[in-house]
Amino acid sequence: MTFPLLLNIADHVPSDFEDPLYNVWVLAWDFRGLSTGFKNFWDANIFYPHQGTLLYADNMLALGFLGAPIAAVSGNFILTHNILFILSFFLCGAGMYCLVLHLTRSRVSAFISGLIFAFFPYRFAHLSHLELLSFGWIPFCFLCLHKFFENPSSRNLAGIAAFYILQALSCGHYGLYLTLFVGFFVLFFAYKKSFCRRKNFWLKMGILSVACLLILLPLFYPYLKVHREMAFKRTMTSVVRFSPQLENFLAVPPSNLAWGWLAGLLQDAERQLIPGIIPLFLTLFWLIKGRKIRREEPHEKRKKVFFWWDVSIILFLGFIAILGLTGGTSFWLGGLRVSIHRLRNPIIILAVLILLRIAFDKRAKGCLRKSWQSLDHAQQFYFAALIFAWILSFGPMIKFLGQEIIEGPYLILYKWIPGFSRLRVPGRLEVIMMLGLSVLAGWGAKQLIDISGKKSMKIFLAFALSGLILAEYASIPVRLVQVKVGKEIPPIYFSIKKIPSTSALIELPMPRSSRENSREAIYIYYSIYHWKRLVNGYSGYSPPGYFNLMMAMEFFPYERAFDILENLKVEYILIHTRGFRAEKGK
């Protein structure tokens, strides 16, 4: 599923030169920190003369520790990155396998759920982001939570803490999401299993919270401090701009073999969020087949009323779809001109029609209530987590076809929960959504295989479902770019290694604008071979004055440009006459 990376694992990276090379630099800096006792660890060598620059984005400490033995043996950080890249797929699959096996006691359904969680399209939309691929600790954390509520031992409590910390130190985004949903899990199961009445339970939850805080606070407090000092924050406008819309859950990466030709161009990588047809089918099968509720037939007159009510809902839904696709309509009704161009009011009317339909139909209310009660506690939690994470993933404003419908609950998180104001892309909550969907699909696969009868049919279904999942999710061949490593790097960097360790260096030409800032990733990658202080930089955030410097360097070798560099105490200038701006270099 990652072919042909394994054949080029030592000198290629997936996707492009930008974020993968930044992640290679982070892993190399983490390894350097290990070897130097973390002296001045937060003050990375980029964005000179600023300090605390490692904290401008995720430092991926857990991945750095995990990759340290590989780096120590090979001395090749491209190889280290790629092994961690492949390992991220395996850990996601293995974690989900263990979780679903514990819940269903079915190895086949656990394997199918593992395939879903390891390879759903979101992962292939983010091949360039190692930290966004590294969420394999999440299912392990929930597995330990389930075990704790079955046996509240210190061992299970330690397991929760270990996997929670590993996830927080692999990707801060997912650490924040995990905090939210672990909190929901604890409160839900404490209520359902009457743990909330036990003083010992709250004591252990307190110990868990304090232990995680003591370990993570020294690592995240500098992060919060630097972001506050530098005024790093994602504006509401930026968050809304990067939030997905309803139709984005049909979008896949263009490289997807099954659906890329149809939906791959709908949106950019942050909005390619299709969960897949097979897991949706298995979840719907579980919802429908597993609910054996005796239904009472309504009175004949009420039955006709509800029939026409349902027809009107379907017709109104079709009207909304046409309205969204055409951009609205205007017409004359007698002497009155009617103009409908916004989707908000029609969707609110549709929601009211559906809610009234349920409210007036005792049979529908009874079925919903009994269906919910027929689920066990774990099924109720993962179903609720799936729906809630999906709603949150729309961001502050739920939108459809470019039109604003209603404010979403994510707005509360952004305004009131620490950390969420620093996250730009709410759509990444799909990871939690897919956690719920993968678990429910596991129950669906178990039911489908259990009712299939003969052993040969069960084996056929197991192989067929696995094959269909891989076929639907495949995005091969993975795009690779070659990177120079070791002695193959430009010889000038070996000369730079010999200059005084206190010296500062700038590499020109710099990008023209912030939109090209990712071009700096190649400069910071080569810096791992000399570790001199570098004016250039690339990260999740950039210092406010950095873009002013970029504009000033457009006039190099103008005298004022030299004055600026002299004031910054930059002693060395490396000018590239080849590369992404060859003519400017010359």
Residue satisfying condition, being among the hydroxyl-bearing types (S, T, Y), out of contact with any Phe, Trp or Tyr (no Cβ under 6 Å at 6 or more places or on another chain) and surrounded by 12 or more Cβ atoms within 10 Å (Cβ to Cβ), within set S371, S330, S339:
S371
Can F562 be described as of a type outside the set (S, T, Y) and within 30 Å of G260 (Cα to Cα)?
no
Only one of Y493, Y529, Y558, Y572 is of a type outside the set (D, E, K, R) and either within 30 Å of M1 (Cα to Cα) or modelled with pLDDT under 95 (or both). Can you tell me which?
Y558
All positions within the range 201-233 that are closer than 14 Å to Q51 by Cβ, part of a helix (DSSP H, G or I) and not basic (K, R):
P222, Y223, V226, H227, E229
Selection from the range 192-237 of residues without any contact (Cβ under 8 Å) to a residue 60 or more places away in the chain, open to solvent by less than 50 Å² (accessible area, probe 1.4 Å) and not small (G, A, S) yields F195, F201, K204, M205, L208, C212, L216
Residue in the range 249-261 that is nearest to I398 (Cα to Cα), counting only those that are in contact (Cβ under 8 Å) with a residue 60 or more places away in the chain and in contact with a Gly (Cβ under 7 Å, 6 or more places away or on another chain):
V252
Within the bounds of the range 26-42, is there any residue that is under 19 Å from G136 (Cα atoms), surrounded by 19 or more Cβ atoms within 10 Å (Cβ to Cβ) and either among the hydroxyl-bearing types (S, T, Y) or in contact (Cβ under 8 Å) with a residue 12 or more places away in the chain (or both)?
yes
Conditions: (1) within 30 Å of L574 (Cα to Cα); (2) touching a strand residue (DSSP E or B) at 6+ places or on another chain (Cβ under 8 Å). R519 meets all but one. Number of the miss?
(2)
Checking R581 against (1) open to solvent by 10 Å² or more (accessible area, probe 1.4 Å); (2) in contact with a strand residue (DSSP E or B) (Cβ under 6 Å, 6 or more places away or on another chain); (3) under 30 Å from T80 (Cα atoms), the condition it does not meet
(2)
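From I46, I116, which residue is in contact with a Ser or Thr (Cβ under 9 Å, 6 or more places away or on another chain), open to solvent by less than 10 Å² (accessible area, probe 1.4 Å), more than 21 Å from L21 (Cβ to Cβ) and β-branched (V, I, T)?
None of the other options fit; the residue is I116.
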Of all residues in the range 445-501, which are touching a strand residue (DSSP E or B) at 6+ places or on another chain (Cβ under 8 Å), open to solvent by 60 Å² or more (accessible area, probe 1.4 Å) and within 30 Å of A118 (Cβ to Cβ)?
R479, Q482
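For the range 557-567, what are the residues that are in contact with a helix residue (DSSP H, G or I) (Cβ under 8 Å, 6 or more places away or on another chain) and in contact (Cβ under 8 Å) with a residue 12 or more places away in the chain? Walk me through how you get there before you give the answer.
The first filter runs over the range 557-567 and keeps only residues in contact with a helix residue (DSSP H, G or I) (Cβ under 8 Å, 6 or more places away or on another chain), leaving 560-561, 564.
Across the range 557-567, the qualifying residue is only I564.
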On the basis of being open to solvent by 40 Å² or more (accessible area, probe 1.4 Å) and touching a Leu at 6+ places or on another chain (Cβ under 8 Å), does L66 make the cut?
yes
Considering only residues of the range 535-564 that are over 21 Å from I524 (Cβ atoms) and touching a Phe, Trp or Tyr at 6+ places or on another chain (Cβ under 9 Å), which is least open to solvent (accessible area, probe 1.4 Å)?
A561
Being part of a loop (DSSP other than H, G, I, E, B), within 30 Å of the chain's Cα centre (by Cα) and of a type in the set (S, T, N, Q) is the filter here; which residues of the range 161-200 pass it?
S170
Only one of S109, S128, S134 is open to solvent by less than 30 Å² (accessible area, probe 1.4 Å), touching a Gly at 6+ places or on another chain (Cβ under 9 Å) and of a type in the set (S, T, N, Q). Can you tell me which?
S109
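The values are calculated or read from the model by the stated rules, or taken from the named source; none is laboratory data. None of these values were measured; they are calculated from a predicted model. Backbone-built Cβ (ideal geometry, glycine too); neighbour counts: all protein chains shown. For accessibility, only protein heavy atoms count, side chains too; no ligands or nucleic acids. Shrake-Rupley method; radii C 1.70, N 1.55, O 1.52, S 1.80 Å.
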